[in-house]
Amino acid sequence: IAPQWFNALRMMLAFACLAIVYHRQWRQLTRRAWLFGAAAGASLACGYVFQTQGLATTTSTNSAFITVLGVVIVPMLATLPWLRPPGSGAPEWPTWAGAILALLGVAMLTVPSHARWIHLFSSGGRESLGNLLTLFCALGFSLYVIALDHAAGRVRYEQLILLQIGFAMVFLTVAALVLEPPRADALAHAFLPGSPLTLPLVQ
């Protein structure tokens, strides 16, 4: 299955399950819940789309390290007054120290000893493009954390879970249609004798 469609289908399945489990919440949804759900779902979808596209041209090690840059990006975004939740101050030095230590720990676990990580985004080629796309993934997941921080205590968690997965499903489906448009013969081919889908049934 194409990677972006895998992302979309897993969100469809998750949303279907949540829609059943939290079916009583549909009549109680508030405007604030819709807004926070859309923000969280969009940022979550952004993270998945860019990470998947980045993995197509970079290594899993690079992807893991760059994705965890979100640990540092979150405090950076939280320094902006219009992104911070109401009533909260800018991150202080213990937050920055913890973020940097976490980043160094992940670097020690993932970075090969011979790698030149200073050239992650400047060496050119397809791998650098994949690294850059993964950096957008880290930004997306960072915005997701910020969105959840805004929603905490202001929206029922059941409604937030339901709506964020629903919006992520929509955005990921759109991304799959744009990045991996389905062919007209793809579905028919999947059910032909000898295809990967029908072969186990024949055996």
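The values are calculated or read from the model by the stated rules, or taken from the named source; none is laboratory data. What you see is a predicted model, and the numbers here were worked out from it, not measured in a lab. Cβ atoms come from the backbone with ideal geometry, glycine included; neighbour counts cover every protein chain shown. Accessible surface areas use protein heavy atoms only, side chains included; no ligands, DNA or RNA. Shrake-Rupley method; radii C 1.70, N 1.55, O 1.52, S 1.80 Å.
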Output for the stretch 1-57, where each listed residue is in contact (Cβ under 8 Å) with a residue 60 or more places away in the chain, under 12 Å from residue 175 (Cα atoms) and among the polar types (S, T, N, Q): 4, 7, 53
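Considering only residues that are of a type in the set (Val, Ile, Thr) and closer than 12 Å to residue 146 by Cα, which ones fall in the stretch 40-89?
Here is the first cut: in the stretch 40-89, the residues of a type in the set (Val, Ile, Thr) are 49, 52, 57-59, 61, 66-68, 71-74, 79.
Result: 71, 73, 74, 79.
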Odd one out for residue 5 among (1) closer than 29 Å to residue 66 by Cα; (2) open to solvent by 50 Å² or more (accessible area, probe 1.4 Å); (3) at pLDDT 95 or above: (3)
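Residue-wise test of (1) among the charged types (D, E, K, R); (2) in contact with a helix residue (DSSP H, G or I) (Cβ under 7 Å, 6 or more places away or on another chain); (3) within 18 Å of residue 4 (Cα to Cα).
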residue: 25; (1), (2), (3): no, yes, no
residue: 32; (1), (2), (3): yes, no, no
residue: 40; (1), (2), (3): no, yes, no
residue: 45; (1), (2), (3): no, yes, yes
residue: 52; (1), (2), (3): no, yes, yes
residue: 56; (1), (2), (3): no, yes, yes
residue: 70; (1), (2), (3): no, yes, no
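Working only within the stretch 9-44, note down all residues that are open to solvent by less than 60 Å² (accessible area, probe 1.4 Å) and in contact with a Ser or Thr (Cβ under 9 Å, 6 or more places away or on another chain).
First pass over the stretch 9-44, keeping only residues open to solvent by less than 60 Å² (accessible area, probe 1.4 Å): 11, 14-16, 18-19, 22, 25, 29, 33, 36-44.
11, 43 - these are the residues of the stretch 9-44 that are open to solvent by less than 60 Å² (accessible area, probe 1.4 Å) and in contact with a Ser or Thr (Cβ under 9 Å, 6 or more places away or on another chain).
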